[in-house]
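The values are calculated or read from the model by the stated rules, or taken from the named source; none is laboratory data. What you see is a predicted model; the values in this text were computed from it and never measured. All Cβ positions, glycine included, derive from the backbone under ideal geometry; neighbour counts span all protein chains shown.
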Amino acid sequence: MTFASWLLSLAHTLFQPGFCPGDWVWATSAAGALVALFPVAGAVIVAIMRKFTGNRYDAVTLGVIGAVGLVVVFLLPWLLFNGISDIYRSAFSGQTTGLSANELSTLNRSYCDFIGKQSDYLGSGQNVFETLFYPSGNKLAYGYYLGALVGLPAASLFFVILQARTAMRRGQKWPGRLLWVPFVAFAVFSVSVEANTAVHLWLGFLPMSVLGLIAVALVGSPPWAVINKPRQERRPEPPPQPQQQAPPPPPPPQKNYAPTAVAPAQLASAPGPVPLVPGSTGNGSERYRRIRRLGHGGFGTVWQAVDNQLGRTVALKIAHAPDRDTEERMRREARALAMVNHPNCVRVYDLVEEPDGLALVMEYLEGQALATAVDNMGPLDDIAAGRLWATMAGALVAAHEKGVLHRDIKPSNVIVDPGGMPHLIDFGIARSRGDSTMTATGMMIGTPDFVAPEQAAGAAASPASDAWQLAATVSYALSGYPPRGTRETPMAALMAAARAEPPNNLPQRSAHARLLIASLDNEPRRRPTLNAVQREVEGWLARSGKSPDGPVTQIVPRRQQQPSGTRVMPPRN
């Protein structure tokens, strides 16, 4: 009761207007506002802690959050509510209260006819439980107490939940229950508080709970560098070796056999033949019948062809000049694609010798490029763009797990099939980790409008670079133009990328705007990883009641998002 009397005296000193319903009645509401600072402080403590721990919820972290919820959200507010109520009851019965004589003299004053003497109003009535479950018969009074003693705590609970969710930004929300579930216990166990005292305590508690959201939000979410920090797992200690053990007999001589398979992790960096599907052959001069030319790029011409042996339609990519360097690039591309197994990545079937050069046999995808769809029909909505982002992020994660970087993600390299599903194509400049000689001739890697700043400045590509290019592609899908805008020449676009000009054409009204800003950060280490992006977007889709693996064909009318006087242009190849 000592702490409660000190808090009540402080509230009376800070706020004691001399008008109805009375200085101590107003002080009770002020005391409720001070008590509300404890749950706010608990959320702030957790938000600050996550600045250093991120989304690592081990036993120690969960124990700290649980202790904060138990002590700061439940125990202290519950003791203060009951202590303030006991002070008023003691003042009414003439017992020791902890208040000074001057304070007790003002407590016996009357301000309003419906209040009467403040000590009687605050200390002589029924408690919350008796008022709610044993009403006096006055329906108007019962409605007032029901709304105040149930509605005010329920509204306060809503804002305490928001505080907990704000403290858990950029992470899973379930640990926030360790903050707001203790608040529910505090509200339930406060039924022994005198009813009139409880009404005014909750009247002060609710506004401070609303304002407390600002304090928690000002702490900010944990940086992506902390969230993306790999978790260091403790390695198990090796079993103790016996002190004396006879050496094992030498193994008998074994016959050396050629390996039958290559581990996927080694295939990315070790040169060697491309794995062939059963029934395929290295000599395809008569196997593939070309139907029509699909495209012409910097490293080859792509044909639609028919596999005469299997009777299926394929895409045939043939090198322009089959010299040693070109063939080496084609073999590296084939190895890279052969390792990736994802439904939204183009599949490679074979690598064959055609009469006019080395040819890569790939899956033939019907549909149109994302760039064409956006240019002709307008930007995607948030649901379709979210599905695109989550799906392509999953495809790139599958490639990165095999050590393969795409390096040229752009809207024209995403094909949307007739069913609305996106597919990532054209790994023509894909590189495995360790491939460092393929750009020795100074050839530019990537498309200027969608190249990451560090790539344009000459730094090595990384998974963060692919994440930047994917975010730029999603931004294009939402707005209709690249994030840095369009330039007159590719060189101007490349210079803008090398200077790390900030994105100035982002879709501001999109629900994904904040995540786009983070993913397009000029500093690679500050960007969220593709795994984090996939979790964030899939979580948003789930909260919206949408499946993350649905079609991305929902097209919305072209909005007034582009600057006046500009024309939406398809991305450069």
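Somewhere in region 361-381, is a residue of a type outside the set (Asp, Glu), free of Cβ contacts under 8 Å to residues at least 12 places away in the same chain and farther than 20 Å from Ile291 by Cα?
Yes, there is a match, as at least one residue in region 361-381 is of a type outside the set (Asp, Glu), free of Cβ contacts under 8 Å to residues at least 12 places away in the same chain and farther than 20 Å from Ile291 by Cα.
What do you reckon, is Val60 within 23 Å of Ile161 (Cβ to Cβ) and not basic (Lys, Arg)?
Answer is no for this residue.
Of the residues in region 122-158, how many are surrounded by fewer than 15 Cβ atoms within 10 Å (Cβ to Cβ), part of a loop (DSSP other than H, G, I, E, B) and in contact (Cβ under 8 Å) with a residue 12 or more places away in the chain?
Final tally of qualifying residues: 0.
Does Thr28 meet the test of being assigned to a loop (DSSP other than H, G, I, E, B) and surrounded by 21 or more Cβ atoms within 10 Å (Cβ to Cβ)?
So Thr28 does not fit the description; no.
Restricting the search to region 107-121, which residues are small (Gly, Ala, Ser) and touching a residue at least 24 places away in the same chain (Cβ under 8 Å)?
The answer is Ser110, Ser119.
Check Arg509 against each of (1) farther than 19 Å from Asp382 by Cβ; (2) surrounded by fewer than 18 Cβ atoms within 10 Å (Cβ to Cβ) and name the one condition it does not meet.
(1)
Report those helices (runs of 4 or more DSSP H) wholly inside region 176-294 carrying at least 1 residues which are modelled with pLDDT of 90 or more.
Correct list: 177-189, 195-219.
Those residues that are modelled with pLDDT under 80 and surrounded by fewer than 20 Cβ atoms within 10 Å (Cβ to Cβ), I need them from region 436-470; list them, please.
Selection gives Ser436, Thr437, Met438, Thr439, Ala440, Thr441, Gly442, Met443, Met444, Ile445.
Please list, ordered by residue number, the helices (runs of 4 or more DSSP H) wholly in region 449-504 having 2 or more residues that are touching a residue at least 24 places away in the same chain (Cβ under 8 Å) and touching a Pro at 6+ places or on another chain (Cβ under 7 Å).
Helices (runs of 4 or more DSSP H) meeting the threshold: 463-479, 490-498.
Of the residues that make up region 338-345, is at least one more than 15 Å from Ile415 (Cβ to Cβ) and either hydroxyl-bearing (Ser, Thr, Tyr) or assigned by TED's automatic domain parsing to the domain that holds Ala461 (or both)?
Within region 338-345 (the criterion being more than 15 Å from Ile415 (Cβ to Cβ) and either hydroxyl-bearing (Ser, Thr, Tyr) or assigned by TED's automatic domain parsing to the domain that holds Ala461 (or both)), the answer is no, since none of the residues qualifies.
Considering Gly32, Gly42, Gly63, Gly54, which residue is assigned by TED's automatic domain parsing to the domain that holds Thr96 and on the phi > 0 side of the Ramachandran plot?
Step by step, each of Gly32, Gly42, Gly63, Gly54 is checked, and only Gly54 is assigned by TED's automatic domain parsing to the domain that holds Thr96 and on the phi > 0 side of the Ramachandran plot.
For residues that are at pLDDT 90 or above and touching a helix residue (DSSP H, G or I) at 6+ places or on another chain (Cβ under 6 Å), scanning just region 54-69, find the one that is farthest from Ala31 (Cα to Cα).
Result: Thr61.
Give me the residue from region 471-487 that is among the polar types (S, T, N, Q) and buried (at least 24 other Cβ atoms within 10 Å of the Cβ) and, out of that set, farthest from Ala497 (Cα to Cα).
Among those residues, the one meeting the criterion is Ser479.
Of the numbered conditions (1) over 22 Å from Pro448 (Cα atoms); (2) hydrophobic (A, V, I, L, M, F, W, C); (3) surrounded by fewer than 24 Cβ atoms within 10 Å (Cβ to Cβ), Leu380 satisfies every one except a single condition; which is it?
(3)
Output the number of the condition that Glu328 fails; it satisfies all remaining conditions of (1) assigned to a helix (DSSP H, G or I); (2) closer than 24 Å to Gly480 by Cβ; (3) of a type in the set (Asp, Glu).
(2)
For region 302-311, does any single residue satisfy the condition of being buried (at least 18 other Cβ atoms within 10 Å of the Cβ), more than 20 Å from Asn413 (Cβ to Cβ) and not assigned by TED's automatic domain parsing to the domain that holds Ala472?
Within region 302-311, one or more residues are buried (at least 18 other Cβ atoms within 10 Å of the Cβ), more than 20 Å from Asn413 (Cβ to Cβ) and not assigned by TED's automatic domain parsing to the domain that holds Ala472.
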